[in-house]
Amino acid sequence: MSKYDSKEILETAEDRGTRFMVLYTHIQRRLYGYVVTLVPESSDVDDIIQATVAVMWKNFDHFEPGTDFAAWALCIAKNQIYNYIQRNKNKKRVFSLKTLQEIEVAAEQKARDVDRRLDILRRCIEKLSSRDRQLLTLRYEVGATLKNVSERVEQSVNTLYSRLYKIRIALLCCVQKTMRREDTLS
């Protein structure tokens, strides 16, 4: 997930609802991934997400522009999950608070790792030639197929497949090399 400047978004969006939806849309998958990691029942996940978003909306005027919207949302979700555990500790099989906290630490680390990899991948994509970046953009457009991309760039499907394979390998090597270099520097 890329970093979004909540202050900039809040200044440019027209109204409260638009500002909230823009910020929420950017963190929606991360929030869902966080909750689904900590809650075993999928129906309960949906209920917790709904409750979390309701609390976020109710308290949105208290969100401080320029701070981390995702961290704010995850904190609210964590409270909703704790409430869920308290309500259901005798009714359903739920994680103990200690187990939940251990899973939460692991989930947060995993989310940071994914964010870091995505950031590095973006930097690696920027290093590609404009032609290779364009090829990736065409290939990963919604509804794109190798066949229709090959027609657009006037290359055979096999040639395009081979070129995309080489680009992916180059990106993988770039990401791995960058991660190793950054790890040794820190």
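Of all residues in segment 87-123, those satisfying the criterion of being modelled with pLDDT of 75 or more and of a type in the set (K, R) are R87, K98, K110, R112, R116, R117, R122, R123. Under the condition of being hydroxyl-bearing (S, T, Y) and surrounded by 12 or more Cβ atoms within 10 Å (Cβ to Cβ), the residues counted in segment 138-151 number 1. Total residues in segment 164-186 satisfying the condition of being surrounded by 16 or more Cβ atoms within 10 Å (Cβ to Cβ) and farther than 14 Å from R117 by Cβ: the figure is 2.
Only one of the numbered conditions (1) within 24 Å of D15 (Cβ to Cβ); (2) of a type in the set (S, T, N, Q); (3) part of a helix (DSSP H, G or I) is not met by N83, and that is (1). For segment 60-69, a tally of residues being under 14 Å from M21 (Cα atoms) and not hydrophobic (A, V, I, L, M, F, W, C) returns 1. In segment 38-63, the qualifying residues are those that are within 21 Å of T99 (Cβ to Cβ) and surrounded by fewer than 16 Cβ atoms within 10 Å (Cβ to Cβ), and the one that is modelled with the lowest pLDDT is P40. For segment 92-101, the criterion of being buried (at least 17 other Cβ atoms within 10 Å of the Cβ) and under 20 Å from the mean Cα position of the chain (by Cα) is met by none of the residues. Taken together, R133, R112, R117 contain a single residue that is part of a helix (DSSP H, G or I) and in contact (Cβ under 8 Å) with a residue 12 or more places away in the chain, which is R117. Quick check on my filter: what residues within segment 150-165 are of a type in the set (D, E, K, R), part of a helix (DSSP H, G or I) and over 29 Å from the mean Cα position of the chain (by Cα)? Correct list: E151, R152.
The values are calculated or read from the model by the stated rules, or taken from the named source; none is laboratory data. Everything numeric here is computed off the predicted structure, so don't read it as measured data. A quick note on method: Cβ atoms are made from the backbone with ideal geometry, for glycine too, and the neighbour counts reach across all protein chains shown.
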